[in-house]
Amino acid sequence: MAIRKILVADDSATERLFLTDMLTKSGYQVVAAESGEEAVAKSKSEKPDLILMDVVMPGLNGYQATRTITHDEETKHIPVIICTRKGQETDRIWGLRQGAKDYLIKPIKQAELLGKIAELG
């Protein structure tokens, strides 16, 4: 499956702008969400090929949103990469147990992220 459209879910406008800019310059179409709830809704309405999910967000956090998306029949095929500042090994393991395909620690390195996207595509 070629990855063309990526949903960036992050409550930080700065992080959303940084990732959107990096991804659009690399040829991807980007859709943004500011919360876990919005990410779940847009995973259904926008049908992205990949989701980049922050963890610490108000309301539904990234772990909960990832679990919801990866356990829903309509969206479970969409890979999720968690992108967060939560860098403990237990955080990474928990994120992967929620259904994430990968786990990256912020600040996100462009080459690493683009490499992970290429692996999934």
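Look through Ile82, Ile51, Ile78 and report the one residue that is in contact (Cβ under 8 Å) with a residue 24 or more places away in the chain, assigned to a loop (DSSP other than H, G, I, E, B), closer than 22 Å to Ala2 by Cα and of a type in the set (A, V, I, L, M, F, W, C).
Ile78
Scan the range 68-75 and give yes if some residue there is acidic (Asp, Glu), touching a helix residue (DSSP H, G or I) at 6+ places or on another chain (Cβ under 9 Å) and surrounded by 18 or more Cβ atoms within 10 Å (Cβ to Cβ), otherwise no.
no
Tell me yes or no: at least one residue of the range 47-64 is in contact with a Lys or Arg (Cβ under 8 Å, 6 or more places away or on another chain), among the small types (Gly, Ala, Ser) and farther than 14 Å from Ala100 by Cα.
no
Given the condition in a loop (DSSP other than H, G, I, E, B) and either modelled with pLDDT of 95 or more or in contact with a Phe, Trp or Tyr (Cβ under 7 Å, 6 or more places away or on another chain) (or both), answer yes or no: does some residue in the range 61-68 qualify?
Within the range 61-68 (the criterion being in a loop (DSSP other than H, G, I, E, B) and either modelled with pLDDT of 95 or more or in contact with a Phe, Trp or Tyr (Cβ under 7 Å, 6 or more places away or on another chain) (or both)), the answer is yes, since at least one residue qualifies.
Can Thr75 be described as over 22 Å from Gly115 (Cα atoms) and of a type in the set (Val, Ile, Thr)?
Yes; evaluated as a whole, the condition is true for this residue.
Show the residue pairs that are 6+ apart or on different chains and have beta-carbon atoms under 9 Å apart, the first residue being within the range 86-97 and at negative phi, the second being in a helix (DSSP H, G or I) and polar (S, T, N, Q).
Listed pairs, sorted by first residue: Gly95/Thr66.
Which of the residues that make up the range 1-25 are assigned to a helix (DSSP H, G or I), surrounded by fewer than 20 Cβ atoms within 10 Å (Cβ to Cβ) and touching a strand residue (DSSP E or B) at 6+ places or on another chain (Cβ under 6 Å)?
Arg16, Thr20, Thr24
The values are calculated or read from the model by the stated rules, or taken from the named source; none is laboratory data. Since we're looking at a predicted model, the values are computed, not measured. Glycine also receives a Cβ, built like all others from the backbone with ideal geometry; neighbour counts cover every protein chain displayed.
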